[in-house]
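Q: Can you keep this structure in mind? I'll have questions shortly.
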């Protein structure tokens, strides 16, 4: 019975060892010459205008979620576009319902002011 688990344990050992060995090898091989200039946030010569850990308004997160919805829409539309002839009018009605719900959501977000940048 334990012989059947040997490949699993070997794979587990390999998956743990690979990143550990890679990180150690990279630390040993890479050049390390830290200086005040290299430890600054930007090496392009421009000083940072403010702290990078500032707070963002909720609007940025709402816009990000809307972009995720755009991606999900693409994921649903692509298979439909590939097989639309086989789906017939049933497929057209299904995608129409999906798009109506999606557009209703965007209209609601627009009326709530979620798409305003100011």
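The values are calculated or read from the model by the stated rules, or taken from the named source; none is laboratory data. These numbers were taken from a predicted model, which means no experiment stands behind them. Cβ placement follows ideal geometry from the backbone for every residue including glycine, while neighbour counts extend to all protein chains displayed.
Q: Test residue 75 against the stated conditions and say whether it is loosely packed, with under 10 Cβ neighbours inside 10 Å, modelled with pLDDT of 80 or more and under 20 Å from residue 103 (Cβ atoms).
A: So residue 75 fits the description; yes.
Q: Report, by residue number, each residue of region 108-118 that is free of Cβ contacts under 8 Å to residues at least 40 places away in the same chain and surrounded by 10 or more Cβ atoms within 10 Å (Cβ to Cβ).
A: 108, 110, 112, 113
Q: Name the pairs: first residue in region 35-63 and modelled with pLDDT of 70 or more, second residue surrounded by 10 or more Cβ atoms within 10 Å (Cβ to Cβ) and assigned to a helix (DSSP H, G or I), Cβ to Cβ under 8 Å, at least 6 apart or on different chains?
A: 62/109
Q: Follow-up question, since we're still on this one. Kindly indicate the residue of region 85-96 that is closer than 28 Å to residue 65 by Cα and over 27 Å from the mean Cα position of the chain (by Cα) and also surrounded by the most Cβ atoms within 10 Å (Cβ to Cβ) among those meeting that condition.
A: Top of the filtered list is 91.
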